[in-house]
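This report refers to the structure that appears directly beneath it.
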Amino acid sequence: MVALRRAACPSGFSRKNAVFLNTEAQHQAHSVSIIEIENMYSAIHEFWTYTLFLGFQNPEFRQGARHPSPSSLRAGPTESTTMPRQSSTRYPAAYMRGGTSRAILFRGQDLPPDPAQWADIFRCALGSPDSYGRQLDGLGGGISSLSKVAVITPSRRTDADVDYHFFQVDPRTGAVLTRVNCGNISSAVGPFALSQGWIADQEQCLARIYNVNSGKIIHACFEQNPDVRNFIGIDGVHGMAPRIRLRFLDPAASLAGRLFPTGRRQEALVVNGLGTVQATLIDATLPTVIVDARSAGLRGDESPDELAGRMDYEALRIAAALKMRLADDPRELHGEFANVPDVVFVSPAQAGAIQARFYSSGNVHRAAPVTSSIALACACHIEGTVAQALIPGWQAREHQAWKILHPAGTMEVGVRADAMAGQVASADVDRTARLIMLGSVVIPTCL
């Protein structure tokens, strides 16, 4: 049972909403009454309401505060000379977990009008470049899934409430990559947009999100006042949180022009140092190369530590990227296209499921990226792919929920598509998100 304790509340919030989870008693067995359980549900509900929604509603953040205190407020970034001999600019921001990733979220209005100036701000905020790969001088976590930025603005489109621009920052080099979306961070966008009053359908809490990177629409559906009994857990993240259902509409051709960029559902891919591997090249939310693990000399159930350094994953990624014609110049695959495609090694599992190991943004992933998981689920759904051939008892269906077994557990992706014609209407996945911090990111003005 998880014990609950109360703490002093920040300025501007009632004490009854300041609830923190004390995990010291988490593994102790207790005999509790129904009333005590209901009290616990109530307290956790208060915790969620405070941390995600009431925190965002803080007028200090919405007005562009210099810091979360009752002091004087200004809109947008502010100048500060509080640090000796070094002036700085503070940009209002939120720090959020989305799915199994983490990012700094900015409002477009708080950043310089010229997007060309954003990259240096994002690098400094996350602590890149960092030759040690730790991002100790910023908010990044030293791996690709913890080194992300999202910029959110109200949309002028009739089919979207907000525009969401995703930025991947390489922890070591500081390269800022913008070609593709992050599905996990997409789950943080809806609650953020709600907090700003940017969602048209606030009663149903449906956020219509236009992803600038892919040019695609995502629907995020969630509860404004969630009941703790409906909380879910996602593998790779400790604990439970309110469900956020993401629906990726028409996910094909996010970058490569069509669902199967070569026009074929399987390819014999020649890779330096690896030989010929059987692969499916697919673009559904993200260009992805799906390889039969056995043809690459793998079992398919290896841990991330076992896979680290096992082969030249970059050679496989680059061979697939060239085959998909993602770049005209191979040198671009080490520059602006350095994080595409994702590489997925697949092996058989039980009916309706497939086992997968992911290589994404230069790292063996410790769980599963949402975008390449959707690409894999679409490949499972469509006849003639490497993934479909590994599904026991496969049958063509209009809608199917596919279970993807990854190193941290399982992700379920629902696909609605014509399995024979290879036309994908949508893909659904459940995620959770959490607001970690509201405040300002301090950037030295010497940048």
Tell me, in nm to one decimal, what length is gained between ASP201 and ARG229 on full extension, where the rule is 0.36 nm per residue of separation less the Cα-Cα distance? 7.7 nm
Two pseudo-spin positions, 7 Å from Cα along C-beta at ASP305 and at VAL270, lie apart in nanometres by 3.9 nm
The range 267-426 - Rg and Dmax from Cα coordinates, angstrom: 14.6, 43
Give me the percent relative contact order of the range 400-441, please, defined on Cα pairs under 8 angstrom at least 6 residues apart. 27 percent
Where nothing but the Cβ of Lys and Arg (+1) and of Asp and Glu (-1) is charged, how large is the charge dipole of the range 267-426 around its Cα centre, in debye to the nearest 20? 280 debye
List residues of the range 358-387, by number, whose backbone nitrogen lies under 12 Å from a label position 7 Å along Cα→C-beta of ARG397. 381
If a paramagnetic tag sat 7 Å from the Cα of ASN363 along the Cα-Cβ line, which residues of the range 397-432 would have the backbone N under 19 Å from that point? 406-411, 432
Report Rg(Cα)/(2.2 N^0.38 Å) for the range 181-296, keeping two decimals. 1.39
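Read the figures in this text as sums done on the coordinates, not as results from a lab. None of the values given here were measured: they were computed from a predicted structure. Glycine gets a Cβ as well: all are built from the backbone with ideal geometry, and neighbour counts include every protein chain shown.
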